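Notes follow the structure.
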Amino acid sequence: MVAENSTPHLHSAVEPRQTFRRALDMAARAAMPSLFVMFCAILLSAPFGIPGQAQLQFGIAMCTVWFWAYSRPRSMPALAVFLCGLVVEIFSFGPPGTVLLSLLVIYGVAHHWRYGLSRLGFIAGWLIFSIFAVLASFFQWALVCLHAVALLSPAPGLFQAALTIGIYPSLTALFVWGRRTFANPDQA
Amino acid sequence: MLSIHARQVLAKAVLPILILLAVGLVLLGLVRRPAVDGVRLMATDFMAPAYHGLVWPQERVTVWLMDLRGATDLAKENSRLREENRALRHWYDVAVALAAENGRLKKSLHWIPETVPQYVTGRVTRDDGGPYSRAVLLDVGSGHQVRIGDVALDAAGLLGRVTEVGPHTVRVLMINDDASRIPVTLAASHGDAIMAGDDTASPRLIFYPQDHHPVEGERVETRGQSTMPAGLPVGTVHYSAPNRPVVVPDADLDRLDIVRVFDYGDDDSQAPDAPGRVRIKKLPQNPLTGPLPFSWLPNLPDMPGRGGQ
(Lines give C-alpha, C1' and ligand atoms only; values in the text may rest on other atoms or scores of the structure.)
Protein backbone atom coordinates (compact mmCIF):
# COMPACT_ATOMS: atom_id res chain seq x y z
CA MET A 1 0.00 0.00 0.00
CA VAL A 2 2.82 2.30 0.82
CA ALA A 3 4.58 1.24 -2.32
CA GLU A 4 1.71 2.49 -4.44
CA ASN A 5 2.15 6.06 -3.28
CA SER A 6 5.88 5.99 -2.83
CA THR A 7 6.65 7.30 -6.34
CA PRO A 8 4.98 10.66 -6.49
CA HIS A 9 4.60 12.52 -9.76
CA LEU A 10 7.99 13.71 -10.92
CA HIS A 11 8.69 17.24 -9.56
CA SER A 12 4.98 17.65 -8.90
CA ALA A 13 5.75 20.00 -6.07
CA VAL A 14 8.36 22.19 -7.82
CA GLU A 15 7.20 22.28 -11.43
CA PRO A 16 5.58 25.61 -12.28
CA ARG A 17 2.14 25.78 -13.75
CA GLN A 18 1.99 25.39 -17.54
CA THR A 19 0.82 28.78 -18.77
CA PHE A 20 0.79 30.22 -22.25
CA ARG A 21 3.62 32.58 -21.34
CA ARG A 22 5.76 29.71 -20.07
CA ALA A 23 5.10 27.65 -23.21
CA LEU A 24 6.16 30.62 -25.31
CA ASP A 25 9.29 31.08 -23.22
CA MET A 26 10.17 27.40 -23.60
CA ALA A 27 9.63 27.49 -27.35
CA ALA A 28 11.80 30.60 -27.68
CA ARG A 29 14.59 29.00 -25.65
CA ALA A 30 14.39 25.78 -27.68
CA ALA A 31 14.45 27.75 -30.95
CA MET A 32 17.41 29.87 -29.81
CA PRO A 33 20.11 27.92 -31.77
CA SER A 34 18.13 28.02 -35.03
CA LEU A 35 17.30 31.69 -34.55
CA PHE A 36 20.98 32.38 -33.88
CA VAL A 37 21.98 30.79 -37.23
CA MET A 38 19.29 32.68 -39.15
CA PHE A 39 20.09 36.00 -37.44
CA CYS A 40 23.82 35.62 -38.15
CA ALA A 41 23.15 34.64 -41.78
CA ILE A 42 21.03 37.75 -42.37
CA LEU A 43 23.31 40.07 -40.40
CA LEU A 44 26.43 38.87 -42.21
CA SER A 45 24.81 39.42 -45.61
CA ALA A 46 24.74 43.20 -44.95
CA PRO A 47 27.51 45.15 -46.71
CA PHE A 48 29.80 45.81 -43.73
CA GLY A 49 32.89 45.15 -45.80
CA ILE A 50 34.38 42.80 -43.19
CA PRO A 51 36.77 40.34 -44.83
CA GLY A 52 35.50 36.76 -44.74
CA GLN A 53 31.85 37.63 -44.15
CA ALA A 54 30.50 34.91 -46.47
CA GLN A 55 32.84 32.35 -44.96
CA LEU A 56 31.66 33.31 -41.47
CA GLN A 57 28.03 32.63 -42.49
CA PHE A 58 29.01 29.07 -43.35
CA GLY A 59 31.24 28.63 -40.30
CA ILE A 60 28.68 29.82 -37.75
CA ALA A 61 25.96 27.60 -39.26
CA MET A 62 28.24 24.54 -39.23
CA CYS A 63 29.45 25.07 -35.63
CA THR A 64 25.94 25.72 -34.30
CA VAL A 65 24.36 22.69 -35.97
CA TRP A 66 27.21 20.41 -34.90
CA PHE A 67 27.14 21.51 -31.25
CA TRP A 68 23.38 21.39 -30.71
CA ALA A 69 22.87 18.20 -32.73
CA TYR A 70 24.98 16.22 -30.28
CA SER A 71 24.52 18.15 -27.05
CA ARG A 72 20.75 18.81 -27.16
CA PRO A 73 19.07 17.39 -30.30
CA ARG A 74 15.65 18.57 -29.12
CA SER A 75 16.78 22.16 -29.66
CA MET A 76 17.96 21.39 -33.19
CA PRO A 77 15.60 18.97 -35.01
CA ALA A 78 16.28 18.00 -38.63
CA LEU A 79 13.54 20.28 -39.91
CA ALA A 80 15.08 23.27 -38.10
CA VAL A 81 18.45 22.43 -39.70
CA PHE A 82 16.76 22.40 -43.09
CA LEU A 83 15.14 25.79 -42.47
CA CYS A 84 18.42 27.27 -41.22
CA GLY A 85 20.17 25.91 -44.31
CA LEU A 86 17.55 27.43 -46.59
CA VAL A 87 17.93 30.86 -44.93
CA VAL A 88 21.73 30.68 -45.27
CA GLU A 89 21.31 29.64 -48.93
CA ILE A 90 19.00 32.56 -49.67
CA PHE A 91 21.29 35.11 -48.02
CA SER A 92 24.51 33.89 -49.59
CA PHE A 93 25.58 33.62 -53.21
CA GLY A 94 27.61 30.44 -53.30
CA PRO A 95 26.74 27.38 -55.39
CA PRO A 96 23.12 26.57 -54.46
CA GLY A 97 22.41 23.73 -52.08
CA THR A 98 25.93 23.07 -50.84
CA VAL A 99 25.56 24.75 -47.44
CA LEU A 100 22.19 23.06 -46.95
CA LEU A 101 23.55 19.63 -47.82
CA SER A 102 26.67 20.13 -45.67
CA LEU A 103 24.53 21.15 -42.69
CA LEU A 104 22.23 18.14 -43.05
CA VAL A 105 25.16 15.73 -43.38
CA ILE A 106 26.97 17.19 -40.37
CA TYR A 107 23.70 17.08 -38.45
CA GLY A 108 23.23 13.41 -39.34
CA VAL A 109 26.76 12.56 -38.23
CA ALA A 110 26.56 14.48 -34.94
CA HIS A 111 23.09 13.16 -34.16
CA HIS A 112 24.08 9.57 -34.91
CA TRP A 113 27.26 9.73 -32.81
CA ARG A 114 25.86 11.94 -30.05
CA TYR A 115 26.49 9.44 -27.23
CA GLY A 116 30.06 8.82 -28.34
CA LEU A 117 30.72 12.52 -28.91
CA SER A 118 29.37 13.43 -25.47
CA ARG A 119 31.84 11.02 -23.89
CA LEU A 120 34.78 12.32 -25.93
CA GLY A 121 36.78 15.29 -24.75
CA PHE A 122 36.59 18.74 -26.34
CA ILE A 123 39.78 18.35 -28.40
CA ALA A 124 38.67 15.04 -29.93
CA GLY A 125 35.24 16.49 -30.81
CA TRP A 126 36.94 19.52 -32.35
CA LEU A 127 39.21 17.26 -34.45
CA ILE A 128 36.27 15.26 -35.81
CA PHE A 129 34.40 18.50 -36.55
CA SER A 130 37.50 19.81 -38.37
CA ILE A 131 37.52 16.81 -40.69
CA PHE A 132 33.90 17.42 -41.65
CA ALA A 133 34.47 21.19 -42.06
CA VAL A 134 37.31 20.46 -44.51
CA LEU A 135 35.20 17.86 -46.34
CA ALA A 136 32.26 20.29 -46.67
CA SER A 137 34.53 23.05 -48.02
CA PHE A 138 36.12 20.60 -50.44
CA PHE A 139 32.65 19.56 -51.65
CA GLN A 140 31.72 23.20 -52.21
CA TRP A 141 34.97 23.78 -54.13
CA ALA A 142 34.38 20.67 -56.27
CA LEU A 143 30.88 21.87 -57.17
CA VAL A 144 32.12 25.35 -58.11
CA CYS A 145 34.80 23.75 -60.31
CA LEU A 146 32.16 21.53 -61.92
CA HIS A 147 29.93 24.53 -62.59
CA ALA A 148 32.78 26.62 -64.03
CA VAL A 149 34.24 23.62 -65.92
CA ALA A 150 37.69 24.69 -64.75
CA LEU A 151 40.11 23.86 -61.98
CA LEU A 152 39.88 26.84 -59.61
CA SER A 153 42.22 27.66 -56.78
CA PRO A 154 41.23 25.79 -53.60
CA ALA A 155 42.58 28.61 -51.40
CA PRO A 156 39.16 30.24 -50.65
CA GLY A 157 37.80 26.85 -49.59
CA LEU A 158 40.77 26.21 -47.33
CA PHE A 159 40.33 29.68 -45.80
CA GLN A 160 36.66 28.91 -45.17
CA ALA A 161 37.53 25.59 -43.52
CA ALA A 162 40.23 27.25 -41.38
CA LEU A 163 37.84 30.00 -40.29
CA THR A 164 35.16 27.43 -39.42
CA ILE A 165 37.60 25.37 -37.37
CA GLY A 166 39.00 28.52 -35.76
CA ILE A 167 35.71 29.95 -34.49
CA TYR A 168 34.52 26.59 -33.08
CA PRO A 169 36.09 26.93 -29.57
CA SER A 170 34.72 30.43 -28.91
CA LEU A 171 31.27 29.49 -30.21
CA THR A 172 31.34 26.31 -28.11
CA ALA A 173 32.07 28.40 -25.02
CA LEU A 174 29.05 30.59 -25.82
CA PHE A 175 26.83 27.57 -26.45
CA VAL A 176 27.89 25.73 -23.28
CA TRP A 177 26.92 28.81 -21.30
CA GLY A 178 23.72 29.17 -23.33
CA ARG A 179 22.79 25.52 -22.79
CA ARG A 180 22.71 26.17 -19.06
CA THR A 181 21.04 29.59 -19.20
CA PHE A 182 19.28 31.41 -22.03
CA ALA A 183 18.79 28.46 -24.36
CA ASN A 184 17.67 26.00 -21.69
CA PRO A 185 13.93 25.23 -22.00
CA ASP A 186 13.88 23.70 -18.48
CA GLN A 187 14.70 27.10 -17.00
CA ALA A 188 11.61 28.73 -18.44
CA MET B 1 -3.39 9.64 -34.50
CA LEU B 2 -0.31 7.78 -35.75
CA SER B 3 0.88 4.67 -33.96
CA ILE B 4 4.19 4.70 -32.11
CA HIS B 5 5.76 2.49 -34.76
CA ALA B 6 4.63 4.76 -37.59
CA ARG B 7 5.95 7.77 -35.76
CA GLN B 8 9.35 6.09 -35.30
CA VAL B 9 9.52 5.24 -39.00
CA LEU B 10 8.58 8.82 -39.89
CA ALA B 11 11.21 10.24 -37.52
CA LYS B 12 13.86 8.06 -39.17
CA ALA B 13 12.74 9.00 -42.67
CA VAL B 14 12.82 12.80 -42.12
CA LEU B 15 16.59 13.24 -42.47
CA PRO B 16 16.99 11.16 -45.67
CA ILE B 17 14.06 13.01 -47.26
CA LEU B 18 15.57 16.38 -46.35
CA ILE B 19 18.97 15.28 -47.70
CA LEU B 20 17.28 14.23 -50.95
CA LEU B 21 15.66 17.67 -51.16
CA ALA B 22 19.07 19.29 -50.60
CA VAL B 23 20.59 17.15 -53.37
CA GLY B 24 17.69 18.27 -55.58
CA LEU B 25 18.58 21.89 -54.80
CA VAL B 26 22.23 21.23 -55.70
CA LEU B 27 21.17 19.73 -59.04
CA LEU B 28 18.77 22.62 -59.65
CA GLY B 29 21.66 25.00 -58.99
CA LEU B 30 23.81 23.21 -61.56
CA VAL B 31 21.09 23.08 -64.22
CA ARG B 32 18.96 26.21 -63.63
CA ARG B 33 21.20 28.62 -61.73
CA PRO B 34 19.25 31.78 -62.75
CA ALA B 35 16.11 30.46 -61.02
CA VAL B 36 17.94 30.15 -57.70
CA ASP B 37 19.69 33.50 -58.12
CA GLY B 38 16.31 35.10 -58.87
CA VAL B 39 15.00 34.01 -55.46
CA ARG B 40 18.14 35.37 -53.80
CA LEU B 41 17.74 38.68 -55.65
CA MET B 42 14.14 38.93 -54.45
CA ALA B 43 15.26 38.38 -50.85
CA THR B 44 17.86 41.13 -51.24
CA ASP B 45 15.24 43.45 -52.74
CA PHE B 46 13.11 42.83 -49.70
CA MET B 47 15.98 43.37 -47.27
CA ALA B 48 17.51 46.46 -48.94
CA PRO B 49 16.06 49.04 -46.46
CA ALA B 50 17.17 46.91 -43.51
CA TYR B 51 20.70 46.73 -44.93
CA HIS B 52 20.85 50.51 -45.12
CA GLY B 53 19.77 50.67 -41.49
CA LEU B 54 22.37 48.11 -40.45
CA VAL B 55 25.24 49.81 -42.23
CA TRP B 56 24.26 53.35 -41.21
CA PRO B 57 26.08 53.35 -37.81
CA GLN B 58 29.23 51.98 -39.46
CA GLU B 59 29.12 54.73 -42.09
CA ARG B 60 28.66 57.43 -39.45
CA VAL B 61 31.60 56.12 -37.41
CA THR B 62 33.77 56.07 -40.55
CA VAL B 63 32.83 59.68 -41.32
CA TRP B 64 33.60 60.76 -37.74
CA LEU B 65 36.93 59.00 -37.79
CA MET B 66 37.80 60.68 -41.06
CA ASP B 67 36.84 64.08 -39.65
CA LEU B 68 38.87 63.42 -36.53
CA ARG B 69 41.89 62.40 -38.56
CA GLY B 70 41.49 65.49 -40.73
CA ALA B 71 41.27 67.74 -37.65
CA THR B 72 44.49 66.42 -36.16
CA ASP B 73 46.75 67.50 -39.03
CA LEU B 74 44.93 70.44 -40.54
CA ALA B 75 48.03 72.38 -41.50
CA LYS B 76 49.63 69.51 -43.41
CA GLU B 77 46.35 68.65 -45.11
CA ASN B 78 45.85 72.28 -46.06
CA SER B 79 49.23 72.58 -47.74
CA ARG B 80 48.72 69.27 -49.54
CA LEU B 81 45.34 70.40 -50.83
CA ARG B 82 46.78 73.74 -51.95
CA GLU B 83 49.45 71.89 -53.91
CA GLU B 84 46.89 69.54 -55.40
CA ASN B 85 44.63 72.45 -56.30
CA ARG B 86 47.45 74.14 -58.17
CA ALA B 87 48.12 70.95 -60.15
CA LEU B 88 44.42 70.50 -60.86
CA ARG B 89 44.10 74.08 -62.09
CA HIS B 90 46.88 73.40 -64.55
CA TRP B 91 45.14 70.24 -65.73
CA TYR B 92 41.85 72.11 -66.00
CA ASP B 93 43.44 74.61 -68.40
CA VAL B 94 44.93 71.76 -70.42
CA ALA B 95 41.58 69.98 -70.52
CA VAL B 96 39.72 73.10 -71.67
CA ALA B 97 42.27 73.71 -74.43
CA LEU B 98 42.11 70.07 -75.53
CA ALA B 99 38.30 70.07 -75.51
CA ALA B 100 38.25 73.16 -77.70
CA GLU B 101 40.80 71.63 -80.09
CA ASN B 102 38.89 68.36 -80.13
CA GLY B 103 35.65 70.18 -80.94
CA ARG B 104 37.38 72.07 -83.78
CA LEU B 105 38.85 68.90 -85.24
CA LYS B 106 35.57 67.04 -85.01
CA LYS B 107 33.83 69.93 -86.73
CA SER B 108 36.29 69.92 -89.62
CA LEU B 109 35.90 66.15 -89.94
CA HIS B 110 32.07 66.36 -89.88
CA TRP B 111 32.12 64.03 -86.94
CA ILE B 112 28.79 62.39 -86.18
CA PRO B 113 28.19 62.96 -82.47
CA GLU B 114 27.98 59.83 -80.37
CA THR B 115 24.79 59.07 -78.51
CA VAL B 116 24.86 60.09 -74.88
CA PRO B 117 24.48 56.96 -72.78
CA GLN B 118 21.69 56.65 -70.27
CA TYR B 119 22.83 55.91 -66.76
CA VAL B 120 21.50 55.25 -63.30
CA THR B 121 23.41 55.67 -60.08
CA GLY B 122 23.03 53.10 -57.32
CA ARG B 123 24.43 52.37 -53.91
CA VAL B 124 26.02 48.99 -53.23
CA THR B 125 23.48 47.09 -51.18
CA ARG B 126 25.52 44.04 -50.57
CA ASP B 127 28.71 42.33 -51.53
CA ASP B 128 27.39 38.97 -52.62
CA GLY B 129 30.58 37.37 -53.77
CA GLY B 130 30.96 34.40 -51.50
CA PRO B 131 34.26 32.56 -51.45
CA TYR B 132 34.42 31.85 -55.18
CA SER B 133 32.93 34.81 -56.98
CA ARG B 134 33.18 38.59 -57.05
CA ALA B 135 29.88 40.40 -57.52
CA VAL B 136 27.91 43.21 -55.89
CA LEU B 137 24.24 44.06 -55.68
CA LEU B 138 23.20 47.63 -56.42
CA ASP B 139 20.04 49.33 -55.24
CA VAL B 140 18.95 51.36 -58.28
CA GLY B 141 15.37 52.07 -57.22
CA SER B 142 12.18 51.12 -58.95
CA GLY B 143 11.41 51.99 -62.56
CA HIS B 144 14.98 51.66 -63.81
CA GLN B 145 15.84 50.75 -67.40
CA VAL B 146 18.92 48.64 -66.68
CA ARG B 147 19.43 45.67 -68.97
CA ILE B 148 21.65 42.64 -68.76
CA GLY B 149 25.07 43.44 -70.21
CA ASP B 150 25.11 47.11 -69.17
CA VAL B 151 28.41 48.54 -68.00
CA ALA B 152 29.08 49.53 -64.39
CA LEU B 153 31.68 52.16 -63.51
CA ASP B 154 32.77 53.85 -60.33
CA ALA B 155 34.42 57.29 -60.21
CA ALA B 156 37.75 55.98 -61.53
CA GLY B 157 37.08 53.21 -64.02
CA LEU B 158 35.36 50.07 -65.21
CA LEU B 159 33.91 47.85 -62.54
CA GLY B 160 31.98 45.12 -64.28
CA ARG B 161 28.83 44.23 -66.15
CA VAL B 162 25.23 43.63 -65.13
CA THR B 163 24.32 39.94 -65.05
CA GLU B 164 20.94 39.90 -63.33
CA VAL B 165 18.19 42.48 -63.09
CA GLY B 166 15.55 42.60 -60.37
CA PRO B 167 12.76 45.11 -59.70
CA HIS B 168 14.95 47.36 -57.47
CA THR B 169 18.27 45.59 -57.46
CA VAL B 170 20.78 44.66 -60.14
CA ARG B 171 23.70 42.28 -59.79
CA VAL B 172 27.05 43.37 -61.22
CA LEU B 173 29.69 40.77 -62.00
CA MET B 174 33.01 42.43 -61.26
CA ILE B 175 35.96 42.37 -63.66
CA ASN B 176 38.00 40.21 -61.28
CA ASP B 177 35.41 37.44 -61.09
CA ASP B 178 36.47 34.12 -62.48
CA ALA B 179 33.71 34.20 -65.10
CA SER B 180 34.49 37.72 -66.36
CA ARG B 181 36.06 38.17 -69.82
CA ILE B 182 36.35 41.75 -71.13
CA PRO B 183 37.85 42.67 -74.53
CA VAL B 184 40.43 45.42 -73.99
CA THR B 185 42.87 47.53 -75.99
CA LEU B 186 46.33 48.45 -74.79
CA ALA B 187 46.77 52.18 -75.29
CA ALA B 188 50.51 52.35 -76.05
CA SER B 189 51.23 49.12 -77.91
CA HIS B 190 47.82 49.15 -79.66
CA GLY B 191 47.37 45.45 -79.15
CA ASP B 192 44.07 43.80 -78.33
CA ALA B 193 43.70 41.38 -75.47
CA ILE B 194 41.15 39.74 -73.24
CA MET B 195 41.08 40.66 -69.58
CA ALA B 196 40.18 37.54 -67.62
CA GLY B 197 39.31 37.67 -63.93
CA ASP B 198 40.82 35.07 -61.63
CA ASP B 199 39.34 35.95 -58.23
CA THR B 200 42.40 37.99 -57.26
CA ALA B 201 42.58 41.78 -57.01
CA SER B 202 44.16 42.14 -60.46
CA PRO B 203 42.71 40.33 -63.52
CA ARG B 204 45.07 38.69 -66.03
CA LEU B 205 45.64 39.65 -69.66
CA ILE B 206 45.30 36.76 -72.10
CA PHE B 207 45.24 36.35 -75.88
CA TYR B 208 47.49 39.37 -76.53
CA PRO B 209 49.55 39.38 -79.77
CA GLN B 210 52.72 37.38 -79.28
CA ASP B 211 54.83 39.91 -81.22
CA HIS B 212 53.44 42.86 -79.23
CA HIS B 213 53.64 42.06 -75.57
CA PRO B 214 51.90 44.49 -73.21
CA VAL B 215 54.24 47.15 -71.84
CA GLU B 216 54.58 47.63 -68.11
CA GLY B 217 52.58 50.64 -66.94
CA GLU B 218 50.60 51.28 -70.14
CA ARG B 219 46.93 52.18 -70.00
CA VAL B 220 44.26 49.56 -70.62
CA GLU B 221 40.95 50.60 -72.16
CA THR B 222 37.88 48.73 -73.26
CA ARG B 223 37.56 47.74 -76.88
CA GLY B 224 34.23 48.59 -78.49
CA GLN B 225 32.19 45.44 -78.86
CA SER B 226 28.42 44.92 -78.69
CA THR B 227 27.21 46.77 -75.56
CA MET B 228 30.72 47.62 -74.41
CA PRO B 229 31.84 51.04 -75.75
CA ALA B 230 35.45 51.73 -76.66
CA GLY B 231 37.81 53.79 -74.56
CA LEU B 232 36.49 53.28 -71.03
CA PRO B 233 39.39 53.40 -68.57
CA VAL B 234 40.13 50.00 -67.04
CA GLY B 235 43.56 50.20 -65.44
CA THR B 236 47.29 49.84 -66.05
CA VAL B 237 49.42 46.87 -67.07
CA HIS B 238 51.70 45.34 -64.47
CA TYR B 239 53.87 42.24 -64.69
CA SER B 240 53.31 40.25 -61.52
CA ALA B 241 55.76 37.62 -62.83
CA PRO B 242 57.67 37.20 -66.10
CA ASN B 243 55.21 36.57 -68.95
CA ARG B 244 52.25 37.14 -66.67
CA PRO B 245 50.77 40.56 -67.40
CA VAL B 246 47.92 41.62 -65.14
CA VAL B 247 45.75 44.72 -65.03
CA VAL B 248 45.79 46.87 -61.92
CA PRO B 249 42.24 48.25 -62.00
CA ASP B 250 41.59 51.98 -61.66
CA ALA B 251 38.35 51.23 -59.85
CA ASP B 252 38.59 50.45 -56.15
CA LEU B 253 37.11 46.96 -56.24
CA ASP B 254 37.38 46.32 -52.52
CA ARG B 255 35.57 49.38 -51.23
CA LEU B 256 32.59 50.13 -53.41
CA ASP B 257 29.94 52.63 -52.45
CA ILE B 258 28.34 54.57 -55.31
CA VAL B 259 28.28 52.89 -58.72
CA ARG B 260 26.89 54.12 -62.04
CA VAL B 261 25.38 51.71 -64.55
CA PHE B 262 25.52 52.90 -68.18
CA ASP B 263 23.34 51.67 -70.99
CA TYR B 264 25.19 52.18 -74.27
CA GLY B 265 22.62 50.30 -76.33
CA ASP B 266 23.45 47.21 -78.29
CA ASP B 267 22.61 48.17 -81.86
CA ASP B 268 25.26 50.87 -82.35
CA SER B 269 28.08 48.77 -83.67
CA GLN B 270 26.19 46.57 -86.10
CA ALA B 271 28.25 46.42 -89.25
CA PRO B 272 26.31 47.44 -92.39
CA ASP B 273 26.10 45.04 -95.27
CA ALA B 274 29.09 45.72 -97.50
CA PRO B 275 28.13 46.11 -101.18
CA GLY B 276 30.69 43.53 -102.23
CA ARG B 277 29.22 40.97 -99.85
CA VAL B 278 25.64 41.27 -100.98
CA ARG B 279 24.50 38.17 -102.77
CA ILE B 280 23.87 39.15 -106.37
CA LYS B 281 20.65 37.88 -107.77
CA LYS B 282 21.17 35.88 -110.88
CA LEU B 283 20.59 38.03 -113.96
CA PRO B 284 18.56 36.67 -116.84
CA GLN B 285 20.67 35.18 -119.64
CA ASN B 286 21.53 37.70 -122.39
CA PRO B 287 19.13 40.37 -121.22
CA LEU B 288 19.85 42.73 -124.09
CA THR B 289 19.28 40.32 -126.95
CA GLY B 290 15.81 40.60 -128.27
CA PRO B 291 13.12 42.96 -127.06
CA LEU B 292 13.31 43.83 -123.37
CA PRO B 293 10.53 42.35 -121.34
CA PHE B 294 8.30 44.90 -119.67
CA SER B 295 9.85 47.67 -121.82
CA TRP B 296 6.55 49.48 -121.72
CA LEU B 297 7.09 50.26 -118.01
CA PRO B 298 8.06 53.94 -117.45
CA ASN B 299 11.00 53.43 -114.97
CA LEU B 300 12.81 50.15 -114.64
CA PRO B 301 14.50 49.82 -111.27
CA ASP B 302 18.28 49.31 -111.24
CA MET B 303 19.43 45.76 -111.15
CA PRO B 304 20.66 44.81 -107.72
CA GLY B 305 24.41 44.45 -107.44
CA ARG B 306 25.25 46.87 -110.25
CA GLY B 307 25.76 49.95 -108.12
CA GLY B 308 28.97 50.56 -106.23
CA GLN B 309 31.01 47.91 -108.01
Which of the residues belonging to region B:140-159 are crowded, with 22+ Cβ neighbours inside 10 Å and not in a loop (DSSP other than H, G, I, E, B)?
B:Val151, B:Ala152, B:Leu158, B:Leu159
Is it true that A:Ser75 is at the interface with another protein chain (Cβ under 7 Å from one of its Cβ atoms) and among the polar types (S, T, N, Q)?
no
Among (1) of a type in the set (A, V, I, L, M); (2) at the interface with chain B (Cβ under 9 Å from one of its Cβ atoms); (3) over 18 Å from the mean Cα position of the chain (by Cα) - the single one A:Val149 does not satisfy:
(2)
Elements of type helices (runs of 4 or more DSSP H) in region A:84-156, at least 3 residues being modelled with pLDDT under 85:
A:122-148
If you scan region B:93-119, which residues turn out to be open to solvent by less than 40 Å² (accessible area, probe 1.4 Å) and part of a strand (DSSP E or B)?
none
Please work out which one of (1) farther than 13 Å from B:Gly157 by Cα; (2) under 16 Å from the mean Cα position of the chain (by Cα) is the condition B:Leu253 fails and give its number.
(1)
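Which residue is most open to solvent (accessible area, probe 1.4 Å), if the candidates are limited to region A:148-179 and must be among the hydroxyl-bearing types (Ser, Thr, Tyr) and under 20 Å from A:Phe132 (Cβ atoms)?
My answer is A:Ser170.
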Here the residues within region A:43-58 that are within 7 Å of chain B (Cβ to nearest Cβ) and buried (at least 19 other Cβ atoms within 10 Å of the Cβ) are A:Ser45, A:Ala46, A:Pro47, A:Ala54, A:Gln55
Count - residues of region B:188-202 that are open to solvent by 40 Å² or more (accessible area, probe 1.4 Å) and within 15 Å of B:Asp250 (Cβ to Cβ):
1
Hey, among B:Val162, B:Val136, which residue is open to solvent by less than 10 Å² (accessible area, probe 1.4 Å), at pLDDT 85 or above and within 24 Å of A:Val99 (Cβ to Cβ)?
B:Val136
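Quick one: is B:Ala193 assigned to a loop (DSSP other than H, G, I, E, B) and either within 14 Å of chain A (Cβ to nearest Cβ) or not basic (Lys, Arg) (or both)?
no
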Which of the residues that make up region A:100-144 are among the aliphatic types (A, V, I, L, M) and facing chain B (nearest Cβ under 9 Å)?
A:Leu100, A:Leu101, A:Leu103, A:Leu104, A:Val105, A:Leu143, A:Val144
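The values are calculated or read from the model by the stated rules, or taken from the named source; none is laboratory data. The structure displayed is predicted, hence computed values, not measured ones. Ideal geometry is used to build each Cβ from the backbone, glycine not excepted, and the neighbour counts take in all protein chains shown. With ligands, DNA and RNA removed, areas are computed over all heavy atoms of the protein, side chains included. Shrake-Rupley method; radii C 1.70, N 1.55, O 1.52, S 1.80 Å.
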